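Values quoted throughout were computed directly from the atomic coordinates according to the rules given, and no laboratory measurement underlies them. What you see is a predicted model; the values in this text were computed from it and never measured. Here the Cβ positions follow ideal geometry from the backbone for every residue, glycine too, while neighbour counts run over all protein chains shown.
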Amino acid sequence: MDIENLQLHDFVDVWWDSHGEKPVHIKELMSLAHNHDLEVQEHWVEPGQHHEPTRSESTRAGNYVGNKKQRYFALERDGVTIRVQLLKSDRRSSYMLRLE
């Protein structure tokens, strides 16, 4: 796996543990990445900045996550591999993971 896919996989792994199949607003996902110091946030946070997200950062995060929709991820849970898909939810600026 390349670096970007590793970053995305780590993000989805934490996301699944925190929210399961619940739709999550992009700002919550940004906070999740920040709170877990995940490298994926380098795709939307200005270098050297650790502050409340700006509107442009929220837009970049939404674009980043939105471009990954429909992708599948294999996650290890208690020795079993589960497969989840990243989807856009019906809620504005929200995304979700669905167990396959």
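Brief remarks on what is shown
- Table column - 3J(HN,Hα) (Hz), the stretch 2-19, Karplus curve with 6.51, -1.76, 1.60, x for Gly and Pro: 7, 4, 4, 5, 5, 4, 5, 4, 4, 4, 5, 4, 5, 4, 4, 4, 7, 10
- Zone residues, the stretch 1-21, relative to Glu42, backbone N less than 15 Å from point 7 Å out along Cα-to-Cβ: 2-11
- In this structure, the amide hydrogen of Ser89, modeled 1.01 Å from its nitrogen in the peptide plane, lies closer than 5 angstrom to those of Ser94, Tyr95, Met96, counting only residues at least 5 positions away or on a different chain.
- Modelled spin-label separation between Glu21 and Glu4, with each label point placed 7 Å from Cα along the Cα-to-Cβ direction: 3.0 nm.
- Applied to the stretch 30-41, the Karplus parametrisation 6.51 cos²θ - 1.76 cosθ + 1.60 on θ = phi - 60° returns per-residue 3J(HN,Hα) values of 5, 5, 4, 4, 5, 5, 9, 6, 7, 5, 4, 5 Hz, with x for Gly and Pro.
- Listed peptides 73-83, 15-25 by packing density, highest first (mean Cβ within 10 Å): 15-25, 73-83
- Which label in (1) 47, 22, 13; (2) 22, 15, 12; (3) 42, 16, 9 gives the computed semi-axes √(5λ) of the Cα gyration tensor in Å: (2)
- Lys-Lys pairs in the chain that are eight or more residues apart or on separate chains and whose Cα atoms lie under 15 Å of each other come to 4.
- Using θ = phi - 60° and Karplus 6.51 cos²θ - 1.76 cosθ + 1.60, couplings along the stretch 64-77 (whole Hz; Gly, Pro as x): 4, 5, x, 6, 9, 4, 6, 6, 10, 9, 9, 10, 8, 9
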